[in-house]
Amino acid sequence: MDIENYIINVNFLFEERKYDDAIELSRRMLEMGMDTIEVNTHLGILYRYKGVYDKAEYHYRKAIALGARQPKVYWNTSLLLLLLKNFDEGFYFYEAGIASGHRTNLHPKISVWKGQDLTNKSLLVYNEQGLGDTLNFSRAVNFLRLKYPSARIDFEVQSALKVLFPKETWNKKRKYDYAIPLISIFNYEKEAMKEEYAFDFGFDKNTSDEIKKIGICWKGNPKHFNDKNRSLSIDDVKPLFDLNYEFVSLVQNTEVDEEKILREYDIEPLTKKSSIKDTAKIIEELDLIITCDTMIAHLAASMKKKTWIMIPTVPDWRWGIETDKSYWYESVKLFRQSKLDNWSMVIDDVKGELKC
């Protein structure tokens, strides 16, 4: 098999999530002497999705050693290294995301900030990713403002989040000295990752240990590239509704069949027109939020709410591996899936924790 046909076949197997078959095909290519950048890169991706992180790192680094200069190789390597909390290399390689097409430079005419002294300078920080990313990583803006009090640091947030960041503005006509994507700040300032720099949105921080009212979010945006792995079905979480708690739905895009199940348990569906501020006000009244890895997780955790996040076998890099604690949020507990597509054990763990 030549390399072109290999790529077609391995990509098909990957899309079908037949990871073992794809790995076997790739291993046969190596045995045939095709120890190439392409084969090693695919093995890195496949082993990462299998959760075999040492082999994934070996093959990513082998691809780079073979002379890979494609931004996509560095991008994929960064996601693994960040997952493993190798933040120095991880954030450095993460910068390849713009060239690989996974990230966007929204202000290409402004010089990119690369860690220079910002004393008496102006900097535009912008977010080119999701709403949850903005909520999570906005702490970096506070860090820079504290470090460079004489600098003008403007923060461009998505329109949907302006209700939470009412003081954040930027001027299209202003000539900024530098601009930088929000998450890229961590490539130069690791200290900025600490939660102590997070924004305070001014919501009530319910510190009661008693749990009566629980917010539940079982799915995120279906257009998200990894939604098939991160989201649950309402049938997956339905066993929780039998417990003696008052549940509140935090899912905005509920389907008719989901709404039917919710109403069977006297759970009112969230209105489709609810703004983020509306959702935040609902969360403010809750004792606990149980959610999949979506914006709701970051919103609740940013509000310092007790938040339990159900994450897939190979989680987003932000959640690391093994531990049930979050590097980013003190109020978060992680419930990890141990088998691909099987959420029943996760739900059992959540039920067990609620019964304690």
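The values are calculated or read from the model by the stated rules, or taken from the named source; none is laboratory data. All of these numbers come straight from a predicted model, not from anything done at the bench. Note: ideal-geometry Cβ built from the backbone for every residue, glycine included; neighbour counts use all protein chains shown.
If you go through the stretch 323-356 and keep only what is of a type in the set (Ser, Thr, Tyr) and either loosely packed, with under 11 Cβ neighbours inside 10 Å or under 20 Å from the mean Cα position of the chain (by Cα) (or both), you end up with Thr323, Ser326, Tyr327, Tyr329, Ser331, Ser338.
When the stretch 194-233 is limited to residues that are of a type in the set (Asp, Glu), part of a loop (DSSP other than H, G, I, E, B) and free of Cβ contacts under 8 Å to residues at least 40 places away in the same chain, the one that is surrounded by the fewest Cβ atoms within 10 Å (Cβ to Cβ) turns out to be Asp209.
Of the residues making up the stretch 160-193, those that are among the β-branched types (Val, Ile, Thr), touching a helix residue (DSSP H, G or I) at 6+ places or on another chain (Cβ under 7 Å) and not in a loop (DSSP other than H, G, I, E, B) are Ile183, Ile185. Residues of the stretch 161-205 that are small (Gly, Ala, Ser) and within 18 Å of the chain's Cα centre (by Cα): Ser184, Ala192, Ala198.
Restricted to the stretch 97-125, and to residues that are under 29 Å from Tyr60 (Cβ atoms) and surrounded by 20 or more Cβ atoms within 10 Å (Cβ to Cβ), which residue is modelled with the lowest pLDDT? This residue is Gly97.
Of all residues in the stretch 144-154, those satisfying the criterion of being in a helix (DSSP H, G or I) and either aromatic (Phe, Trp, Tyr) or touching a residue at least 12 places away in the same chain (Cβ under 8 Å) (or both) are Leu144, Leu146, Lys147. The residue that is surrounded by the most Cβ atoms within 10 Å (Cβ to Cβ), among those in the stretch 234-276 that are of a type in the set (Gly, Ala, Ser) and in a loop (DSSP other than H, G, I, E, B), is Ser274. Against the condition buried (at least 16 other Cβ atoms within 10 Å of the Cβ) and either free of Cβ contacts under 8 Å to residues at least 60 places away in the same chain or in contact with a Phe, Trp or Tyr (Cβ under 8 Å, 6 or more places away or on another chain) (or both), how does Ala56 come out, does it pass? Taking the combined requirement at face value, the residue satisfies it. Among the residues of the stretch 136-159 satisfying the criterion of being in contact with a helix residue (DSSP H, G or I) (Cβ under 7 Å, 6 or more places away or on another chain) and of a type in the set (Phe, Trp, Tyr), which is farthest from Met295 (Cα to Cα)? Step by step, filter the stretch 136-159, then rank; the result is Phe143. Considering the stretch 114-138, and only residues there that are in the same structural domain as Lys167 (by TED's automatic domain parsing) and among the acidic types (Asp, Glu), the residue that is farthest from the chain's Cα centre (by Cα) turns out to be Glu128. Note on the stretch 105-143: residues that are touching a residue at least 60 places away in the same chain (Cβ under 8 Å) and assigned to a loop (DSSP other than H, G, I, E, B) total 12.
Meeting the requirement of 2 or more residues that are over 27 Å from Lys228 (Cβ atoms) and of a type in the set (A, V, I, L, M, F, W, C), the helices (runs of 4 or more DSSP H) wholly within the stretch 1-73 are 53-65.
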